[in-house]
Amino acid sequence: RILVSISGGATPSGAMSPDRMTQLSDQEIIDGARRYVDLSNDHDIDAISAILDTEATYASNRVGSYAGQVAILEMMTVFFADFPDVRWRTSEITVDEDGAAAFGFVMTATNAATGEQIELRGQERIRFTVRSLIAHVEVEA
């Protein structure tokens with residue numbers, strides 16, 4: 001299910017109201033996932049840090065499991081150094097029955113140590129807190 005209009009909940013300046021206590025709309029979830037993919041494609045660790053909950057978790061069948069913002073950012077820093085041209089192309093982002101962003105992806109990269117070209121296909125799910133921070137990332141590739 002995809003919503004094409006942006007739901008309410010934002011202040012006139014576009015910022016989320018800090019006292020908002022409702023669940024995120026599908027569009028907010030989709031926008032959050034798109035922002036995460038865009039920042040990952042830019043290798044922007046500082047900006048990714050700003051959208052990760054301090055207690056976020058990350059689980060991937062390829063790179064392992066990480067708990068906490070610091071551990072996730074350390075893993076990403078090493079990953080971006082090992083694959084300096086890594087990029088993700090995604091399928092349409094949807095919101096699954098559990099309220100997580102869900103999408104397929106194709107990751108392309110060059111291994112910096114070996115020069116090997118890599119292309120992986122996989123699925124990703126991202127859960128958000130009610131404050132629009134990433135709570136959990138799950139990757140199968």
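The values are calculated or read from the model by the stated rules, or taken from the named source; none is laboratory data. Note that this is a predicted model, so its numbers are computed, not measured. Reconstructed Cβ throughout: ideal geometry from the backbone, glycine too, with neighbour counts over all protein chains shown. When the accessible area is computed, the model is the full protein with side chains, heavy atoms only, and any ligands, DNA or RNA have been set aside. Shrake-Rupley method; radii C 1.70, N 1.55, O 1.52, S 1.80 Å.
Below, the figures for the structure above:
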item	result
Additional length obtainable on full extension of the chain from T54 to D98, 0.36 nm per residue less Cα span	13.7 nm
Sulfur and carbon atoms: percent of accessible area, the stretch 44-141 [1.4 Å]	50 percent
Where a label projected 7 Å from the Cα of V78 along Cα→Cβ would reach, residues of the stretch 108-125 with amide N under 13 Å	none
